[in-house]
1. Taking all protein chains in place and a 1.4 Å probe, what share, in percent, of the accessible surface of region 88-198 do carbon and sulfur account for?
2. Per residue, how much accessible area does the chain have with a 1.4 Å probe, in Å²?
3. If you average the C-alpha positions of region 135-150 and of region 180-197 separately, how far apart do those two centres end up, in angstrom?
4. In nm, to one decimal, how far is the Glu233 label point from the Thr89 one, both placed 7 Å along Cα→Cβ?
5. Pull out a ≥ b ≥ c, the square roots of the eigenvalues of the alpha-carbon gyration tensor of region 204-269, then state rounded if a/c is under 1.5, prolate if not and a/b is larger than b/c, and oblate in the remaining case.
6. Which shape class applies to region 61-151: rounded if a/c is under 1.5, otherwise prolate when a/b exceeds b/c and oblate if not, where a ≥ b ≥ c are the square roots of the Cα gyration tensor eigenvalues?
7. Which of rounded, prolate or oblate describes region 183-242 when judged by the alpha-carbon gyration tensor and an a/c cut-off of 1.5?
8. Taking the Cα atoms of region 12-124 alone, what are Rg (to one decimal) and Dmax (as a whole number) in Å?
Amino acid sequence: MDGPGSDAVFAGSIPEFYDDYLVPLIFEPYAEDLARRVAELVPARVLEVAAGTGVVTRAAARALPGSVELVATDLNQAMLDHAEAVGATRPVRWQQADAMRLPFAASSFDVVFCQFGVMFFPDKSRAFAEARRVLRPGGTLLFNVWDRIEENEFADIVTNTLAGVYPDRPPRFLARTPHGHSDLTAIAGDLARAGFTAAPRHETVTARSRAASAQVPATAYCQGTPLRSEIEERTGADLAEATAACSAAIERRCGPGPVNGKIQAHIVTIVNV
């Protein structure tokens, strides 16, 4: 069933499609950026929540000195299993954990960071409160969120195309969840309700999403995210046909052969004072 409750489920073949298609398409540039920001804080112990298949974990493992303890968690065991199987350049503690009920002691981390996971938290203030609880005084929470879908070209094309393929019940996962938490005023409110008293800082970062063909972003979004489940629940076009329709729409917009489209995200930083 469509809705927030199913939006955080990354199971079945989704982790493999996610890592093979979506990670290089949109996540890697922001992973390097976030890892660099974490390293600049010179932490001794860091926690990643909603680690997914480990793209930021691997970037952080490269950016941080070997003496830094790196703990990576995710709600979905399937995603975490895939991340651990891929591994990192140095030891990482992989642990299944719910961001709203972190199994760690208070004041036990210098930095908590999260890449594109906040949007999936059912109770964002509660998740931020848990991050604040496990941060030491003076510690830092860093996370990024996608800007609105209109600023992210391939996701917007896919969403609009699928609305035409399934006009009676348009799949709205991308607009509802990954691109549904871009309001910086709302984010500041969630952080304040979580007990953070400092003002958050934010930076909007624009990049380009590049792929060898239109088929790559179409497959990434249609088959490497929970959008897949929404498509498979619908009657009419099957998953392959829906993916093909999205590929054709991207090719019409971006041309044949290699394609590239705008992506944009907000990076938010707040100190636990």
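1. Carbon and sulfur atoms account for 48 percent of the accessible area of region 88-198.
2. It amounts to 41 Å² per residue over the chain.
3. When both Cα centres are located, 10 Å separates them.
4. It works out to 4.2 nm between the two label points.
5. Oblate.
6. Rounded, because the longest to shortest axis ratio a/c is under 1.5.
7. Since a/c reaches 1.5 but b/c is at least a/b, the shape of region 183-242 is classed as oblate.
8. Using the Cα atoms of region 12-124, the pair Rg, Dmax is 13.1, 37 Å.
The values are calculated or read from the model by the stated rules, or taken from the named source; none is laboratory data. Bear in mind that the values here come from a model prediction, so they are computed numbers and not experimental data. Using ideal geometry, Cβ is built from the backbone for each residue, glycine included, and neighbour counts are taken over all protein chains shown. Keep in mind that these areas ignore ligands, DNA and RNA; they rest on the heavy atoms of the full protein, side chains included. Shrake-Rupley method; radii C 1.70, N 1.55, O 1.52, S 1.80 Å.
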